[in-house]
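All remarks here apply to the structure that follows.
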Ligand SMILES: *Cc1c(COP(=O)(O)O)cnc(C)c1O
């Protein structure tokens with residue numbers, strides 16, 4: 001037996017022979033010679049270990065080369081790349097959240113390619129601050145006295161807690177002890193900041209008196225948290241911003257609200273009511289509001305703290321700020337996005353445009369897509385159906401948006417198989433599924449992307465889009 005294995009091991013191909021295969025050049029040019037060599041070494045290594053363990057494995061050079069080639073093929077395309085979002089979720093965290101407006105893309109490109117006055121004050125001819133490029137715009141668009149941009153909203157919350165409540169107590173309602181997803185959990189962030197969390201109320205009901213009863217000389221802050229992607233409905237109650245603001249003022253505490261999505265204006269969609277804008281929170285007396293730049297606001301990944309300038313000065317002095325500072329491309333894109341709000345042109349921001357698009361327009365696109373696909377996909381059942389879309393990004397979780405989709409199903413092809421073929425296509429397309437059909441939601445696709453989606457569907461349904 002051992003001799004047999006030894007003989008088999010001797011049959012394994014030699015590295016030099018593998019590297020001399022004619023197809024390796026293409027991969028070497030993109031990935032470098034070392035990566036190609038490593039892929040072969042791994043493929044040989046796998047066969048060698050299998051043989052040593054006594055399992056069956058082919059020593060055929062062709063099979064080993066093919067294994068390496070599959071691995072290299074996976075690596076040759078960019079890992080982070082475009083996908084078609086046909087899920088109907090407008091701000092989809094796993095699909096990169098907001099898509100930027102053209103002016104924001106242009107600004108980011110210029111900041112990336114040219115030298116820029118990122119931290120240079122052109123008026124004074126001296127060192128400046130990167131935050132200055134967006135602070136005035138944030139004050140205009142939110143009504144805040146001052147504002148500070150950091151890497152993301154998680155950083156904004158952590159910075160507030162660390163700079164204003166480290167070593168002291170922060171009161172949070174039990175109904176707002178939420179996990180946002182991606183491991184952002186309010187209790188954990190609080191613990192990490194060095195502040196002590198005091199929970200008050202119950203899951204469904206918390207009143208001003210609950211906060212009041214928990215106050216001690218050590219209390220520094222009341223933290224209000226947007227519950228984002230879930231809702232407590234039915235027998236529930238929470239203290240209003242005005243009540244909490246009054247309490248904070250009376251007792252000399254800081255009221256901070258983690259607003260999550262960061263609406264700057266009313267989205268202007270009849271279904272979307274009830275989410276406060278940043279301005280409304282500040283007007284209700286909240287001292288500091290934190291929010292994301294890439295959710296409903298429709299900009300790049302960023303976090304903002306907006307509110308009273310005296311408190312923001314304390315944040316500016318916290319050493320964490322250095323670790324959370326915003327990159328120049330992001331800052332440029334954010335400035336350009338805010339300028340669209342200032343000019344009343346926020347309808348040009350893709351996230352808002354996708355929320356505002358009228359259902360009739362979505363239906364038209366769905367019908368056109370179905371009409372295009374029909375002749376190309378004989379035997380495939382294609383239907384145009386109303387559907388429910390979602391805002392995403394933790395905003396309006398309980399409010400479905402009326403949308404339209406194209407539902408496709410083919411006999412003998414499960415929705416799972418079809419979804420996998422679509423994921424493996426180029427560009428990959430992500431759609432909804434229901435029973436044995438997949439559903440292509442039009443709202444989360446750009447209209448210009450409809451032809452690409454059609455091509456992806458044709459490839460997947462004809463079977464030449466995947467390996468089955
Ligand atoms: C999304 C969200 C966060 C995290 O924001 P990021 O910008 O992703 O860091 C924090 N709090 C709430 C309430 C949120 O909705």
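Selection within the stretch 257-267: residues that are touching a strand residue (DSSP E or B) at 6+ places or on another chain (Cβ under 6 Å) and part of a strand (DSSP E or B). The member of this set that is farthest from the ligand (Cβ to nearest atom) is 257. Annotation note: Cβ proximity below 8 Å between a residue of the stretch 242-262 that is within 17 Å of residue 310 (Cβ to Cβ) and a residue that is within 12 Å of the ligand (Cβ to nearest atom) and part of a strand (DSSP E or B) (sequence gap 6+ or interchain) occurs for 255/224; 256/223; 256/224; 256/289; 256/290.
Which pairs do you get when a residue that is free of Cβ contacts under 8 Å to residues at least 60 places away in the same chain and farther than 15 Å from residue 155 by Cα, found in the stretch 281-299, comes within reach of a residue that is within 10 Å of the ligand (Cβ to nearest atom) and in a strand (DSSP E or B), reach meaning Cβ atoms under 8 angstrom, with the pair 6+ apart or on two chains? Close Cβ pairs (under 8 Å, with a partner that is within 10 Å of the ligand (Cβ to nearest atom) and in a strand (DSSP E or B)) amount to 281/257; 281/259.
What residue, of 270, 276, is assigned to a loop (DSSP other than H, G, I, E, B) and within 16 Å of the ligand (Cβ to nearest atom)?
Working: 270 fails: within 16 Å of the ligand (Cβ to nearest atom).
Being assigned to a loop (DSSP other than H, G, I, E, B) and within 16 Å of the ligand (Cβ to nearest atom) holds for just one of 270, 276, which is 276.
When the criteria are applied in full, residue 35 fails the requirement of being surrounded by 13 or more Cβ atoms within 10 Å (Cβ to Cβ), in a helix (DSSP H, G or I), out of contact with any helix residue (DSSP H, G or I) (no Cβ under 9 Å at 6 or more places or on another chain) and without any contact (Cβ under 8 Å) to a residue 60 or more places away in the chain.
The number of residues in the stretch 388-439 that are over 30 Å from residue 267 (Cα atoms) and within 16 Å of the ligand (Cβ to nearest atom) comes to 0.
Where residues in the stretch 138-155 are assigned to a helix (DSSP H, G or I) and more than 16 Å from residue 282 (Cα to Cα), which of them is farthest from the ligand (Cβ to nearest atom)?
Quick first cut of the stretch 138-155, residues assigned to a helix (DSSP H, G or I) only: 138-142, 153-155.
With the extra rule that they be more than 16 Å from residue 282 (Cα to Cα), the set shrinks to 153-155.
Numbers: 153: 3, 154: 3, 155: 7 Å.
Per the stated criteria, the residue is 155.
If you filter the stretch 338-380 down to residues that are in a loop (DSSP other than H, G, I, E, B) and touching a residue at least 40 places away in the same chain (Cβ under 8 Å), you find that the one that is nearest to residue 136 (Cα to Cα) is 349. Applying the condition of being closer than 22 Å to residue 272 by Cβ and part of a strand (DSSP E or B) to the stretch 290-306 and asking which residue is nearest to the ligand (Cβ to nearest atom) yields 292.
Only one of 433, 453, 407 is farther than 18 Å from residue 364 by Cα and either modelled with pLDDT of 95 or more or not in a helix (DSSP H, G or I) (or both). Can you tell me which?
On the way: 453 fails: farther than 18 Å from residue 364 by Cα; 407 fails: farther than 18 Å from residue 364 by Cα.
Answer to the selection: 433.
Out of all the residues in the stretch 424-432, is one or more within 21 Å of the chain's Cα centre (by Cα) and more than 13 Å from residue 83 (Cα to Cα)? Checking the stretch 424-432: at least one residue is within 21 Å of the chain's Cα centre (by Cα) and more than 13 Å from residue 83 (Cα to Cα). With the structure loaded, tell me whether residue 190 is within 15 Å of the ligand (Cβ to nearest atom) and assigned to a helix (DSSP H, G or I) or whether it fails that test. Criteria met by residue 190. State which residue is nearest to residue 444 (Cα to Cα) when the search covers only the stretch 316-337 and only residues that are touching a residue at least 40 places away in the same chain (Cβ under 8 Å) and away from the ligand (no atom under 16 Å from the Cβ). Here the residue is 336.
The values are calculated or read from the model by the stated rules, or taken from the named source; none is laboratory data. Here the structure is a predicted model, which is why all the values come from computation and not from measurement. When we count neighbours, we look across all protein chains shown, and the Cβ atoms used for this are built from the backbone with ideal geometry, even at glycine.
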